[in-house]
Amino acid sequence: MKVIRVGTRKSQLARIQTDSVVAMLKALYPGLQFEIIAMSTTGDKILDTALSKIGEKSLFTKELEYALEKNEVDLVVHSLKDLPTVLPPAFTIGAICKRENPCDAVVFHPKFVGKTLETLPEKSTVGTSSLRRAAQLQRKFPHLEFKSIRGNLNTRLRKLDEQHEFSAIILAVAGLQRMGWQNRVGQILHPEECMYAVGQGALAVEVRAKDQDILDLVGVLHDPETLLRCIAERAFLRHLEGGCSVPVAVHTVIKDGQLYLTGGVWSLDGSDSMQETMQATIHVPTQYDGPEDDPQLVGITALNIPRGAQLAAENLGISLASLLLNKGAKNILDVARQLNDVH
């Protein structure tokens with residue numbers, strides 16, 4: 001019986017996410033065995049510095065990719081939002097699973113349960129590891145103060161509950177749901193209040209780009225609608241040359257054959273911002289329409305999803321980024337980068 005080795009980070013959430021992907025694969029391939037290999041990444045080890053300061057694009061992926069390169073694992077499960085829009089040449093995203101709620105949630109300190117961000121006392125401190133969240137929420141809720149909080153979900157919740165430093169923290173809804181902690185969600189931030197990170201809520205399976213057997217194995221996990229939304233989002237971010245050191249956020253929806261992409265950029269304090277929406281006609285595919293010479297788009301290989309729909313999604317992301325850049329977004333992003341480097 002063939003054994004497929006699956007790489008993952010060691011955190012509880014990463015293990016839960018990996019177990020869910022392995023369970024889907026086991027159901028599809030009952031004749032295969034799966035071995036999970038957990039490891040620590042740079043992002044797991046450096047906990048005293050804000051993510052945006054470390055300046056390392058592959059914080060949560062580098063060690064896992066090294067194991068993939070050395071053939072110590074056959075595939076790796078990531079949160080898609082942790083994967084850069086340009087992958088090292090030998091790798092590709094072979095599957096993007098059906099997305100969970102991509103929005104952000106507010107978890108309140110026990111003494112503020114029942115409150116909202118709006119009704120928190122003046123000068124309350126809200127913890128987040130994300131410039132994107134802080135910039136948008138500072139703009140919306142000027143009476144609050146935002147401060148960096150690091151660590152895995154368990155650590156951040158413990159800091160919130162046991163230390164009296166934070167009145168609330170912002171976390172991804174999807175992570176809380178996967179951990180079974182829905183009861184801690186005090187408020188869900190809808191895209192009008194806080195747009196989400198590119199790829200947020202979706203799981204990605206990274207494989208060696210030339211490993212056709214494993215590509216075929218995981219390719220069936222692609223969720224067509226999630227895939228097309230995430231191609232548009234990643235193309236938008238890549239064309240803006242955004243990363244975790246600048247506040248960039250998105251919102252996508254597919255409705256009646258149209259893919260709508262809203263994207264925005266913010267200054268670090270949220271005072272300056274730019275946001276636009278564009279749409280493209282897209283038919284969520286039902287069948288495969290033949291192989292491609294160069295299958296990768298924004299680091300993703302989806303051989304079983306029609307190419308035309310993928311290209312339309314990619315072009316939408318590029319067009320929206322170009323529109324914002326033409327309107328002066330580059331200046332906002334450059335200033336945000338410089339300020340982030342200084343502070």
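The values are calculated or read from the model by the stated rules, or taken from the named source; none is laboratory data. Because the structure is a prediction, the values reported are computed rather than measured. Cβ sites come from the backbone with ideal geometry, for glycine too, and all protein chains shown count toward neighbours. Areas reflect the complete protein model, heavy atoms only, side chains present, ligands, DNA and RNA absent. Shrake-Rupley method; radii C 1.70, N 1.55, O 1.52, S 1.80 Å.
Just a few scattered comments:
- Here Val246, Val253 are screened, and the one residue that is open to solvent by less than 20 Å² (accessible area, probe 1.4 Å), touching a strand residue (DSSP E or B) at 6+ places or on another chain (Cβ under 8 Å) and either more than 19 Å from Leu28 (Cβ to Cβ) or without any contact (Cβ under 8 Å) to a residue 40 or more places away in the chain (or both) is Val246.
- When Thr226 is tested against (1) polar (S, T, N, Q); (2) more than 30 Å from Lys123 (Cα to Cα); (3) more than 20 Å from the chain's Cα centre (by Cα), exactly one condition is not met: (3).
- Of residues in the stretch 180-194 being part of a loop (DSSP other than H, G, I, E, B) and under 15 Å from Pro102 (Cα atoms), the one least open to solvent (accessible area, probe 1.4 Å): Cys194
- Among residues of the stretch 107-122 that are without any contact (Cβ under 8 Å) to a residue 60 or more places away in the chain and under 10 Å from His143 (Cα atoms), those with a Cβ under 9 angstrom from a residue that is in a loop (DSSP other than H, G, I, E, B) and small (Gly, Ala, Ser), sequence gap 6+ or separate chain, pair up as Leu120/Ser167; Pro121/Ser167.
- Residues located in the stretch 139-155, provided they are under 23 Å from Met179 (Cβ atoms) and exposed (fewer than 13 other Cβ atoms within 10 Å of the Cβ): none
- Within the stretch 265-284, the set of residues being farther than 20 Å from Asn340 by Cβ, buried (at least 20 other Cβ atoms within 10 Å of the Cβ) and modelled with pLDDT under 95 comprises Ile282 only.
- Some residue of the stretch 105-122 being open to solvent by less than 60 Å² (accessible area, probe 1.4 Å), under 30 Å from Asp216 (Cα atoms) and within 17 Å of the chain's Cα centre (by Cα): no
- Residue in the stretch 219-238 that is on the phi > 0 side of the Ramachandran plot, open to solvent by 20 Å² or more (accessible area, probe 1.4 Å), touching a residue at least 12 places away in the same chain (Cβ under 8 Å) and not small (Gly, Ala, Ser) present: no
- The requirement of being closer than 30 Å to Ala67 by Cα and open to solvent by 40 Å² or more (accessible area, probe 1.4 Å) is fulfilled somewhere in the stretch 157-178, by at least one residue.
- Residues in the stretch 131-169 that are among the acidic types (Asp, Glu) and part of a helix (DSSP H, G or I): 2 in all.
- Matching option when the condition is open to solvent by 40 Å² or more (accessible area, probe 1.4 Å) and modelled with pLDDT of 90 or more, among Glu35, Glu63: Glu35
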